[in-house]
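Q: If you scroll down you'll find the structure; I have some questions about it.
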Amino acid sequence: MVRKSQQDKKSVYGAAPEQDPILSHTLAVIVDNEPGVLARVIGLFSGRGYNIESLTVAETDGSKKLSRITIVCSGTVHVIEQIHHQLGRLVAVHDVYNLTVEGAHIDRELALLKVRGKNDKRIEALRVADIFRARVVDSTLESFVFEITGSSEKVNAFVDLMTPLGLVEIARTGVAAMSRGKEGVHDGK
């Protein structure tokens, strides 16, 4: 029996092209606070098959009628660059910042979790909440509503631990993010 060498086992087509890794990015988008702007931003994502992992929006400057949309999305470097460029071309968009690329940033999320349980499960839920610095914002004899803030990873870990303890319902705000340091995003072009 003849053994084939490693070289003989290689594909005749050569090595497959390496694919860029898919990474999560946080974008801050300054837009006019007017009807239809959010729909246009979301339409850009859905029309091209891009996924939004988290989306938050709120008015940031009432006198200038500007809002800030924080979007967490994932894709290759090329896809994120396309998203950034295409968002910047929308009429109502003033600025787009890729906080992930532009430097250190802080991101936080708020979640409310309803946990139902009695006896030992109830006590354990309170212990876990204390470790995660979650606050009890509502309590009955059979349930709690916890409020937790922190990174998405922290919120996910808390959810994972509460699930076997009687997790009933979750409401999450989505990510709010801001760059670190003294510089801020510039509202307007």
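Q: Mind listing whichever residues of region 135-169 are at negative phi, within 17 Å of the chain's Cα centre (by Cα) and surrounded by 15 or more Cβ atoms within 10 Å (Cβ to Cβ)? Can you show your working first?
A: The initial filter retains those residues of region 135-169 that are at negative phi, namely 135-149, 151-165, 167-169.
So of that shortlist, the ones also within 17 Å of the chain's Cα centre (by Cα) come out as 148-149, 151-159.
Answer for region 135-169, where residues must be at negative phi, within 17 Å of the chain's Cα centre (by Cα) and surrounded by 15 or more Cβ atoms within 10 Å (Cβ to Cβ): 148, 149, 152, 154, 155, 157, 158, 159.
Q: I'd like the residue in region 45-55 that is over 9 Å from the mean Cα position of the chain (by Cα) and buried (at least 16 other Cβ atoms within 10 Å of the Cβ) and, out of all such residues, is nearest to residue 33 (Cα to Cα).
A: Residues of region 45-55 that are over 9 Å from the mean Cα position of the chain (by Cα), as a first pass: 45-51.
Now drop any that are not buried (at least 16 other Cβ atoms within 10 Å of the Cβ), which leaves 45, 50.
Numbers: 45: 19, 50: 23 Å.
Ranking the candidates gives 45 first.
Q: Right, another one. Just to verify a result, which residue in region 78-121, among those that are assigned by TED's automatic domain parsing to the domain that holds residue 172 and free of Cβ contacts under 8 Å to residues at least 24 places away in the same chain, is surrounded by the most Cβ atoms within 10 Å (Cβ to Cβ)?
A: Among those that are assigned by TED's automatic domain parsing to the domain that holds residue 172 and free of Cβ contacts under 8 Å to residues at least 24 places away in the same chain, it is 120.
The values are calculated or read from the model by the stated rules, or taken from the named source; none is laboratory data. Computed from a predicted structure; not experimentally measured. Neighbour counts are summed over all protein chains in view; Cβ atoms, including those assigned to glycine, are modelled from backbone coordinates with ideal geometry.
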